[in-house]
Structures are given as structure tokens and as C-alpha cells.
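The following block contains the structure, expressed as C-alpha cells.
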Amino acid sequence: MTPAAYAIINLDAVEHNLMKVHQFAPHAKIMAVIKANAYGHGMLRIAQALKPVDGFAVARVHEGIRLRQAGIQQRIAVLEGFTCEEELDSLIQFNLDAVVHSLGQIAIFEKNQAREQIAIWIKVDTGMNRLGFKPDEIKTVYQRLLQCPVIKQPFNFMTHLANADDLSDSMTMAQISRFNETLVDLPGPRSVANSAGIIGWKASLADWVRPGVMLYGVSPFADKTGEELGLKPIMELHSRLIAVKPVLKGDTVGYGGTWVCERSTVMGVVAIGYGDGYPRYAKTGTPVLVNGQRVPLIGRVSMDMITVDLADQPDAKPGDPVTLWGKGLAVEEIALCADTIPYTLLCGITQRVEIIEGRL
């Protein structure tokens, strides 16, 4: 029986998108970002599909432990680092790289007496103003870390680009220059480029690149889709019609009666809603594919259902297939209609959506 709401994960697309990363950054090692359950695609599933990469990046310690327990052998960097001695012990136990971004972490290192060593990434705050040390702190930080026997040398360095998705913004080049100038006399591998950097800013390509959203076939730029960049989207979100009924001129549809029928038409009810991860704030007119043809969303998105105008699909019937995003309907377009970004849609798929692994 076909589930009411399901997502197809096309694993061939993972290999294709990784190939594109190699084309954009042929001389860099690749640290695939698979945090947040691989942007909603399934962390272990995507890690297995990305076996050729040099390393992985996750946000939190428990994500890294889960990968190790699943048999993943590559380097794994924990981007949020650690906040206490217990987390540092876990990082060491499971051979995870720690991102170091605060003086509190250094104090924990200085007290640690573990025999095994840990690899670290020193985070330089070049303008994101979130995690990391300011450039004028780096030399002092570096000297303190040199005195910590638990840390492997040479250290690694990274920064995070704040505005790389805007190719007209000068901030990215300023960040890159600040990073390079700060580390000019210090040895160790560097990492700057995220997906937007990899595609749009050659100056950001260093020893390591950290592709995230592009691995999932999605564009980091608001004015382009992943397919326009030569990427292949991994996830397709599908459902089906569960009812087809006439709606008369003047009728309202859905909670609040916000949509008023201007001409008699045929309405379809689709078995998907914000309880599945479809965006609650998708506007009337957001495109939906019914039998492969575009029809507009009408009325408010509810927890379990959406409604669509089937005026252009007069022969549609209950059971007919519906695509919310996928072939012919980019997730980037749906994100624009919902005043959000594709990341939130991909990460927002809920547990009741059945995942089906497929091949292109």
C-alpha cells in the first residue's frame, strides 16, 4: 500500500553531487556536512552513500558518536565542539575532532590528563560573530593550546562565511582576507568554503571544503535552483489526492475561510500538511503537481491536509499522485512561496513521512 505521505531519497544523486564538489574544488579534501540528520535525508544513509569523502562534519557530539557506532571510519568534526569535561572525554573516546571556539574549552583542555590525543579545529571568527576567536586572539590561543599535551599537532583552522550566498557582497572576500592574514605565520590545514563558497568564491577554496546543502542537490543561492547549477536534488516529497469535490462561487475553503472561490471549480484534497513537514505558511498559489501538472494551493495548510484548485485537472480523482517537490518542482521554489529557505523544508520532514530509498 502506498503511504499517504512519503519521501523518495535518490541515492544516485548523492554520488553525482559529490562529483560536482570535486569539479568545483579539485584539489581540496572534502568534509561532508551531515548535521541535522543530513538535512533531513537520514544521517547514516547519507554517510554510507558518501564513503569516498575524506571526513564528515556534524553539529553535536551525540551525532558523531552515532556515526562511529555505525562503523563510519573517516574523520568526524563536531562543529559546536564541547562545553564540559564529559563531552571532551566522549570526543577523545570516539576519536572525534573538536572545534575549539572559546576560552572555556581551552581551560578544560588544560586540565585534561587523557593519554590519547584529539585533533582540533581552531575556529576564527572573521565576521560571522557567532562562534570563534577574534583574529587578535588567535596567537595567544595558539600558544595556550600548544601547551596542552592532549591535543594533536599541527592544529587545523576554520572559519565560517556569513554572506557567501550573495555574490555581490564584499564581505566574503573581506572574511577570506582576514582569515589568511590572521594565520599567515601559523602552520596547519585550513577550511573556509561552505557550499556557496565552493560554487561562487574560488578564493575560499583551501585545504578542506565543507559542502552542505549542495550535496543534497539544492542551491545555496536564492536566485538559482540546484538543477540550474548542475546538481541533482536527492529528496522528492509525494502524497496523493484523497478527495475531489465541487466548490461553488462564493464558497470559502479551510481554516479561517481565507480563500474565497471566485468561480465555481473542482477542489482536490491532498493527504499532507504541516504535521508532515509541508510549510504551514505556503501561500495560496503555491504550485503543486497533480498527475505531473501544476495546480495552485488554495486555503490554509492544515496539519494533515492541503487543498488545491483542480480547474486544470478536470479528470483528477482520489488516489492520483501528488508531488510537493521533486522532478519538475524545485524545493527552492516552494521555499520562496513560503517565505523561508530550502534548508527548513528539508530538515522539517517529520517522522510520519515514510522514507523510500530509490535510484535515478
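Taking region 173-198, which residues are surrounded by 23 or more Cβ atoms within 10 Å (Cβ to Cβ), part of a helix (DSSP H, G or I) and among the polar types (S, T, N, Q)?
Gln175, Ser195
Quick one: is Ile34 at pLDDT 95 or above, buried (at least 22 other Cβ atoms within 10 Å of the Cβ) and under 30 Å from Ile151 (Cβ atoms)?
For Ile34, the condition - at pLDDT 95 or above, buried (at least 22 other Cβ atoms within 10 Å of the Cβ) and under 30 Å from Ile151 (Cβ atoms) - is met.
Can you pull out the residues in region 304-332 that are without any contact (Cβ under 8 Å) to a residue 40 or more places away in the chain and open to solvent by 10 Å² or more (accessible area, probe 1.4 Å)?
Asp304, Asp312, Asp315, Gly328
Quick one: in region 40-62, which of the residues that are in a helix (DSSP H, G or I) and open to solvent by 20 Å² or more (accessible area, probe 1.4 Å) is farthest from Met214 (Cα to Cα)?
Taking region 40-62 as the starting set, the residues that turn out to be in a helix (DSSP H, G or I) are 40, 43-49, 61-62.
Those still in the list that are open to solvent by 20 Å² or more (accessible area, probe 1.4 Å) too: 44-45, 48-49, 62.
Numbers: Leu44: 18, Arg45: 17, Gln48: 17, Ala49: 15, His62: 24 Å.
Restricting to residues being in a helix (DSSP H, G or I) and open to solvent by 20 Å² or more (accessible area, probe 1.4 Å), the top hit is His62.
Looking at Lys245 and the list (1) surrounded by fewer than 19 Cβ atoms within 10 Å (Cβ to Cβ); (2) assigned to a loop (DSSP other than H, G, I, E, B); (3) among the charged types (D, E, K, R), which single condition is not satisfied?
(2)
Moving to a separate point now. Determine, yes or no, whether Ile355 is open to solvent by 20 Å² or more (accessible area, probe 1.4 Å), outside any loop (DSSP other than H, G, I, E, B) and of a type in the set (Val, Ile, Thr).
Yes; evaluated as a whole, the condition is true for this residue.
What are the pairs, 6+ residues apart or on separate chains, where a residue within region 333-351 that is more than 12 Å from Tyr278 (Cα to Cα) has its Cβ under 7 Å from a residue that is part of a helix (DSSP H, G or I)?
Ile341/Ala335; Tyr343/Tyr39; Tyr343/Val213
Go through region 141-172 residue by residue and tally those that are under 18 Å from Arg130 (Cβ atoms) and part of a loop (DSSP other than H, G, I, E, B).
Looking only at that region, the number is 9.
So that you can scan it fast, the table gives a plain yes or no per residue for (1) under 15 Å from Val14 (Cβ atoms); (2) in contact with a Cys (Cβ under 6 Å, 6 or more places away or on another chain):
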{"position": "Ile30", "(1), (2)": "yes, no"}
{"position": "Val33", "(1), (2)": "yes, no"}
{"position": "Ala36", "(1), (2)": "no, yes"}
{"position": "Gly40", "(1), (2)": "yes, yes"}
{"position": "Lys51", "(1), (2)": "yes, no"}
{"position": "Ala57", "(1), (2)": "no, no"}
{"position": "Arg60", "(1), (2)": "no, no"}
{"position": "Leu67", "(1), (2)": "no, no"}
{"position": "Ala70", "(1), (2)": "no, no"}
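Restricting to region 146-162, and then to whatever is of a type outside the set (A, V, I, L, M), touching a helix residue (DSSP H, G or I) at 6+ places or on another chain (Cβ under 9 Å) and open to solvent by 10 Å² or more (accessible area, probe 1.4 Å), can you tell me which residue is nearest to Gln105 (Cα to Cα)?
Gln147
Go through region 70-103 and give me each residue that's of a type outside the set (Phe, Trp, Tyr), assigned to a loop (DSSP other than H, G, I, E, B) and over 30 Å from Met173 (Cα atoms).
Correct list: Ala70, Gly71, Ile72, Gln73, Gln74, Thr83, Cys84, Asn95, Leu96.
Can you report the number of residues in region 56-80 which are under 19 Å from Asn112 (Cβ atoms), touching a residue at least 40 places away in the same chain (Cβ under 8 Å) and of a type outside the set (A, V, I, L, M)?
Within region 56-80, the subset under 19 Å from Asn112 (Cβ atoms) is 61, 64-65, 77-78, 80.
Of the ones still in play, those that are also touching a residue at least 40 places away in the same chain (Cβ under 8 Å) are 77, 80.
Then drop every residue that is not of a type outside the set (A, V, I, L, M), which leaves 80.
Residues in region 56-80 being under 19 Å from Asn112 (Cβ atoms), touching a residue at least 40 places away in the same chain (Cβ under 8 Å) and of a type outside the set (A, V, I, L, M): 1 in total.
What number of residues within region 214-242 satisfy the criterion of being closer than 10 Å to Ile199 by Cβ and in a strand (DSSP E or B)?
Counting residues in region 214-242 that are closer than 10 Å to Ile199 by Cβ and in a strand (DSSP E or B) gives 0.
Can you confirm whether Ile106 is part of a helix (DSSP H, G or I) and in contact (Cβ under 8 Å) with a residue 12 or more places away in the chain?
Considered against the rule, which asks whether it is part of a helix (DSSP H, G or I) and in contact (Cβ under 8 Å) with a residue 12 or more places away in the chain, Ile106 comes out as yes.
Name the residue that is farthest from the chain's Cα centre (by Cα), counting only residues in region 199-213 that are touching a residue at least 40 places away in the same chain (Cβ under 8 Å) and in a helix (DSSP H, G or I).
This residue is Ser204.
Arg60 - would you say it is more than 25 Å from Pro189 (Cβ to Cβ), touching a helix residue (DSSP H, G or I) at 6+ places or on another chain (Cβ under 9 Å) and of a type in the set (Lys, Arg)?
no
Within region 258-276, is there a residue that is polar (S, T, N, Q) and open to solvent by 20 Å² or more (accessible area, probe 1.4 Å)?
Kept after step one, since they are polar (S, T, N, Q), are these residues of region 258-276: 258, 264-265.
Now drop any that are not open to solvent by 20 Å² or more (accessible area, probe 1.4 Å), which leaves 258, 264.
The answer is yes; a qualifying residue exists.
Scan region 284-303 and give yes if some residue there is in a strand (DSSP E or B), touching a Gly at 6+ places or on another chain (Cβ under 7 Å), open to solvent by 20 Å² or more (accessible area, probe 1.4 Å) and farther than 22 Å from Ile355 by Cβ, otherwise no.
For region 284-303, residues in a strand (DSSP E or B), touching a Gly at 6+ places or on another chain (Cβ under 7 Å), open to solvent by 20 Å² or more (accessible area, probe 1.4 Å) and farther than 22 Å from Ile355 by Cβ: present.
The values are calculated or read from the model by the stated rules, or taken from the named source; none is laboratory data. Just so you know, these numbers come straight off a predicted model, no measurement behind them. Heads up, the Cβs are rebuilt from the backbone with ideal geometry, glycines too, and the neighbour counts pull from every protein chain shown. What goes into the accessible areas is simple: the full protein's heavy atoms, side chains included, and nothing from ligands, DNA or RNA. Shrake-Rupley method; radii C 1.70, N 1.55, O 1.52, S 1.80 Å.
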